[in-house]
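In what follows, a structure is listed as structure tokens, so that the remarks can point back to it.
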């Protein structure tokens, strides 16, 4: 079967993604990050969530780019409330959840409120308690900010999987390696995966992924899994302008087929989790990381 035929099959109603029902005791957390902005990270986050939902999964998207929240913009949604209102105690987490296409739920970030790390103990506890009510999801996808700031690293470390998004551009490749290096410097046992976006051919996608994977293995001694690639596709640009995810706007496009393949791979991977897994465990680990970083910085000063 040639590649074109495979791509067409993966676009036919997404039915090939239906899996045998299995019980997952905890929500699996997937952080999607990039070394630089403009590589399509947020677009992939939203479309991946919808692709998973079409495959029968209950998915929550958390907009972790708190300084420049844009998940809601991609969906053409103007949220009335966001995480800022929860932190301030004006609303509960359930009050701010937005239902997006295909039943995906969204927690909008708070543009201009970037210091999630600077919450006091009461605010932290209220946030963790609120997330404890959300552990019924199969997956939570976190769209982190771009770069290697403390907030970005803090959101990747507690995740079960970290997907690093890059493009064939040399600067994007270099920055993706920089992100991997920053994550590995804090935790060497992360499940790191790579998606190469906007490739002109499958050969180009493999070449870029192999380059980052080989360098990471050689100099950082870590394994990065090649999760797949997404073709450069005019339908993606059209969907962005119309604020309608391409997995819905153009379900038979080349980009949608590639994304469905990535979804299939993720849904067929075993989840490893302990007693402190799930959404609640994720945020406990996040705040633990914040405390350690603050202690390190104060000691350095």
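A short reminder: the numbers here are calculations on the coordinates, not readings from a lab. Quick caveat: nothing in here was measured; it's all calculated off a predicted structure. All Cβ positions, even for glycine, are placed from backbone atoms using ideal geometry, and neighbour counts span all protein chains on display.
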Hey, what did segment 28-268 get for relative contact order, percent, Cα under 8 Å, at least 6 apart? 25 percent
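Beta carbons within 10 angstrom, averaged per residue: use that to sort the peptides 212-219, 191-198, 102-109, highest first.
191-198, 102-109, 212-219
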Which order do peptides 71-81, 150-160 fall in by mean Cβ count within 10 Å, highest first? 150-160, 71-81
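What's the long-distance tail for segment 143-301, i.e. % of Cα pairs beyond 24 Å?
In whole percent, the long-distance tail amounts to 43.
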Given an 8 Å cut-off on Cα distances and at least 6 residues of separation, report the relative contact order of segment 197-260 as a percent. 32 percent
Equivalent-ellipsoid semi-axes of segment 28-268, from the Cα gyration tensor, Å, largest first: 28, 22, 15
